[in-house]
Amino acid sequence: MGCYPTHLTHLHGLPVHVFPVVEEEGHTPLPAPGSVAWKLTTEGEFPFDSLWRRFLDQVRTDQVTALVLGAWWDEWDENGIDPVLELLTAAAPRFPRLRAVFLGDVVSEESEISWIMQGEVTRVLRAWPGLRELGVRGADGLVIEPLRHDGLHTLRIESGGLPPDPVRALAACDFKALRHLDLWLGTTRYGGDCTREDIAPLLTTPAGCPELRHLGLRNSDIQDDIAAALAGAPVVAGLESLDLSMGVLSDDGGAALLAGRPLTHLRSLDLRHHFMGDELVERFRETLEPHGVSLALTPARRRSHLRDGPEARYVAVGE
């Protein structure tokens, strides 16, 4: 916790395998198409369309179940991911077994998270009605169009700053099978301008997500507001796990959460990277651990941050 995301090692239960950027004589044979999550990355040096064509030529894509997209640009990117998504979705009939996609498996040496230029990512869901898992890293230019999708089980958006429009659009989606929703809301310094009012539609009785069992609203500089909103939110009753980690949760938000709807039915509650004092941390332990709730709680970031007030607090992942 508290550091930039690393490259994925697995997706949809499969190890990530990087498709070679350039073809080399005598290279190791490629793995079986359905045995790995295929990662395509240009390493910032080669046109993505050439890499994509070679992948389609060399891999039995009708057997592929998971795709990971790393850096797709060969120079500074002004168009975002949309041109790449056009290539991917145009080839959708060649991927009948695709069940998982991750867009933007990029680390800080390649691009800061706030610089990753996303696009209209819901086109992936329209192209693959059977998709089970969608992950997105970066939120600059992110567009989500409200839609119905009956197959999606897991949706994860990692960002240093998630704007309000995609969050509100998610609340308008109809995801009947969604069980795991994880949003990194980020900070206003990097476009994370969501307010409690923007989050509220996600916290009502989830008519669009009746199967939701895990909710992550984390890495946020409005973590206290989120905790207070969750205290009276109908969605909590159906959850098995709740993640409010990586943000600036203080005694105000923590106390509101404890005073709200009971949390003793949860299997796990993650509050790591917080700014609560020892007394409230102990109250969480005394209230939840006797009921078998797995509680992830690290010590407060630093005593000086508790003393100096909100301006000294910080999210785990910003830029």
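Tabulated values for the structure
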quantity	calculated
The chain - percent of accessible surface contributed by carbon and sulfur, probe 1.4 Å	48 percent
Sequence-separation-based contact order of the stretch 71-143, relative, with Cα cut under 8 Å and 6+ spacing, percent	40 percent
Radius, Kirkwood style, for the stretch 127-185 when every pair of distinct Cα atoms is counted (Å)	11.7 Å
Within a Gaussian network of the chain (alpha carbon springs, distance under 10 Å), most fluctuating of LEU131, LEU88, LEU67	LEU88
GNM result for the chain, Cα springs below 10 Å: residue of ALA233, ALA172, ALA90 fluctuating most strongly	ALA90
Selected from ASP57, ASP251, ASP165 as most flexible by GNM, with the chain as the system and alpha-carbon contacts under 10 Å	ASP57
GluC sites (Glu not before Pro) within the stretch 77-166, DSSP loop, no more than 14 other Cβ atoms inside 10 Å	GLU78, GLU109
Length-normalised contact order of the chain in % [C-alpha pairs under 8 Å, at least 6 apart]	12 percent
Over the chain: helical MRE at 222 nm, DSSP H runs n ≥ 4 each giving -39500 (n - 2.57), nearest 500	-6000 deg cm²/dmol
In the stretch 39-76, the chymotrypsin sites (Phe, Trp or Tyr not before Pro) that fall in loop regions by DSSP, at most 11 other Cβ within 10 Å	TRP76
log10 of Debye I(q)/I(0), alpha-carbon scatterers only, for the stretch 10-238 at 0.13, 0.14 Å⁻¹	-0.77, -0.88
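The values are calculated or read from the model by the stated rules, or taken from the named source; none is laboratory data. Computed from a prediction, not measured in an experiment: that's the story for all the values here. Glycine gets a Cβ as well: all are built from the backbone with ideal geometry, and neighbour counts include every protein chain shown. Quick note on the areas: whole protein, heavy atoms, side chains included, nothing else; ligands and nucleic acids left out. Shrake-Rupley method; radii C 1.70, N 1.55, O 1.52, S 1.80 Å.
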